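Novice: Below is the structure I would like to discuss, written out as structure tokens.
What follows draws every value from the coordinates through simple rules; no lab data is involved. Note that the structure is predicted; figures quoted are calculated from it, not measured. Note that each Cβ is placed from the backbone with ideal geometry, even for glycine, and that neighbours are counted across all protein chains shown.
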Amino acid sequence: MSTKAAYIYHHTMADVILGPGHPMQPARLAITHELLSASGILDQLLCVEPQPATKAQLQALHDKDYVDFLFRAASPIADKDQKCVYLCMEALFMFPDLYKYYALCAGGTLTAARLLIRGEAKIAINWGGGLHHGKKDWAHGFCFVNDIVLGIIELLKFYDRVLYIDIDVHHGDGVEAAFNNTDRVFTISFHQFGNEFFPRTGRLEDCGEEEGQGFAVNVPLKPGIADEAYRNMFTPIMERVMAVFNPNAVVLQCGTDSIANDRLGSLNLSAKGHAECVAFICNFKLPTMILGGGGYTVQNVARLWFLKTAVATGLDGQLTEKLPANKYYNFFGTGKLNVPSDATVKDQNTAEELELIRSKILARYDSGTG
Ligand code: VJV
Ligand code: CA
Ligand code: ZN
């Protein structure tokens, strides 16, 4: 008997506005949801509405004082000096319902973790999660909580080894930091790196410490990489990591800011190329959690998360090259599902550079070591 894939969605999240002109637009969740609904795919998923994470649940990672601060933060009484301590550059982006919004992001990922643990789903998707920059006592890069770390902590209650894969264009710094010293969580991030690109961490040499030495991988990339070159990094490295680490569960952060024409990222993958990575990972048939993250050209985020939902759940045979008729149809510009690579963008990575990065990483796990 095959179990349905779980899809976690809370309609109130999509109505939140982080700030005027803010690149992160929760409305992308509702647009993705509309495509799933319009295509009929939604009916074939186990739809679950999450509860907000409780303060106690957030404290599995975050400091109590920080959680209390977030709880009060959106109110006018929040203390200005405290805002500076906890939020650094994020102070500009306080918004009403901040706590409610982030508690639902985290609650969604915890729900996904529990569905996997209980065997109620083999794939659990939370596009509202994936906030990989959040730290235990400060907000960073639009991430006021780190739902991923909370979800992995939950998975570790049941699974010995969890693999975390991050294909957002930014380095998954918060998740890497949380598990940098343990051999029970293997973290790998593919990201744009160099020229002060946010958050500036994630060097090739950084590969974990103490017990965790060898249990972190960073794949730094220059602007312009497209499908084939990305695949030639992703596939052999992930194959090796799977073989060496032999995880019991997988968490895949699917920020879509690595595809062509993103507002913040400068990579040049097509939507299909990015979705192939998801197909590749799901093919290992392990309990897999699929999370959102970045993605700043809203129409394309919805295209890709729609496509990935279908791919991850094995329902992609039902898709066509065209988007289904839906209430945002005009907003999409073209009626096409795919977001192609931009042929005018040059790949700044040379084949030699990429080969060097790949071989240095693979060499760490040559048989007998790692
Ligand atoms: O580069 C930064 C930090 C600054 C200070 C704050 N100013 C506004 C921007 C530069 C150094 N932050 C990055 C954060 C990226 C977060 C990515 C999150 C994820 O995708 O990895 C996971 C969800 C950054 N890049 C671009 C912006 N911030 C940016 C922020 C804005 C903005 C335009 C660009 C905030 C508000 C408004 N416009 C109106
Ligand atoms: Ca990444
Ligand atoms: Zn990102």
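Novice: Please order Ser37, Ser266, Ser367, Ser189 by the number of other Cβ within 10 Å, starting at the fewest.
Specialist: Ser367, Ser37, Ser266, Ser189
Novice: Cut-off 13 Å, label point 7 angstrom out along Cα-to-Cβ of Arg263: give me the residues of region 273-310 whose amide nitrogen falls inside.
Specialist: Of the residues in region 273-310, 294-302 have backbone N under 13 Å from the label point off Arg263.
Novice: Another question, then. At a Förster distance of 25 Å, what's the computed FRET efficiency of Thr334 paired with Leu42, Cβ-Cβ distance as r, to 0.05?
Specialist: According to the calculation, E is roughly 0.65.
Novice: Which percent of Cα-Cα pairs in region 168-217 sits in each 5 Å bin, short to long?
Specialist: 5, 26, 31, 20, 12, 5, 0
Novice: What is the spin-label model distance, in nm, from Thr350 to Arg364 if the labels are put 7 Å beyond Cα along the C-beta direction?
Specialist: About 2.4 nm separates the two model spin labels.
Novice: If you plug each phi of region 174-185 into the Karplus form 6.51 cos²θ - 1.76 cosθ + 1.60 with θ = phi - 60°, what whole-Hz ³J(HN,Hα) values come out, in order, with x for Gly and Pro?
Specialist: So the Karplus estimates, Gly and Pro as x, are x, 6, 4, 4, 5, 10, 5, 10, 10, 9, 8, 10 Hz.
Novice: Is region 253-370 best put as rounded, prolate or oblate by its Cα gyration tensor, with a ≥ b ≥ c the root eigenvalues, rounded for a/c under 1.5, and otherwise prolate when a/b is larger than b/c, oblate when not?
Specialist: The shape class here is oblate.
Novice: Sticking with this one: Quick one: what Rg and Dmax do you get for the chain from the alpha carbons, in Å?
Specialist: 19.3, 59
Novice: Provide the gained length on full extension for the span Thr3 to Lys157, in nm with one decimal, where the gain is 0.36 nm per separating residue minus the Cα-Cα distance.
Specialist: My answer for the length gained is 53.2 nm.
Novice: Pulled fully out, how much extra length does the chain show between Asn248 and Lys322, if you take 0.36 nm times their separation in residues and subtract their Cα-Cα distance?
Specialist: Length gained, Asn248 through Lys322: 23.0 nm.
Novice: Who wins for biggest fluctuation among Leu58, Leu29, Leu264 in a Gaussian network model of the chain, springs between alpha carbons below 10 Å?
Specialist: Leu264
Novice: Please label the shape of region 306-370 as rounded, prolate or oblate, based on the square roots a ≥ b ≥ c of the eigenvalues of the alpha-carbon gyration tensor (a/c under 1.5 means rounded; beyond that, a/b larger than b/c means prolate, else oblate).
Specialist: oblate
Novice: Percent antiparallel among DSSP beta bridges with both residues in the chain, to the nearest 5?
Specialist: Bridges in the chain that DSSP calls antiparallel: roughly 5 percent.
Novice: Taking H placed 1.01 Å from N in the peptide plane, check which residues at least 5 places from Leu264 or on another chain put their amide H under 5 Å from its amide H.
Specialist: HN-HN under 5 Å from Leu264: Tyr296.
Novice: Mind checking the full-extension length gain between Arg200 and Asp137? Use 0.36 nm per residue of separation minus the Cα-Cα distance, one decimal, nm.
Specialist: 20.7 nm
Novice: Say the dipole of region 105-249 comes from +1 at the beta carbon of Lys and Arg and -1 at that of Asp and Glu; which of Trp138, Ala112, Val244 then lies farthest toward its positive end?
Specialist: Positive-most Cα among the choices belongs to Ala112.
Novice: To continue, here is another question. Using +1 on the beta carbon of Lys and Arg, -1 on that of Asp and Glu, and nothing else charged, what's the dipole of the chain about the Cα centre, debye to 20?
Specialist: 780
Novice: Hey, another quick one. State, to one decimal in nm, how far the label point of Thr235 lies from the label point of Asp97, with both points 7 Å from Cα in the Cβ direction.
Specialist: Each label point lies 7 Å from its Cα, and together they span 4.3 nm.
Novice: A further question on this structure: Specify whether the C-alpha gyration tensor of region 162-313 places it in the rounded, prolate or oblate class, a ≥ b ≥ c being the square roots of the eigenvalues: rounded for a/c under 1.5, otherwise prolate if a/b is larger than b/c and oblate if not.
Specialist: It is oblate, given that a/c is not under 1.5 and a/b is not larger than b/c.
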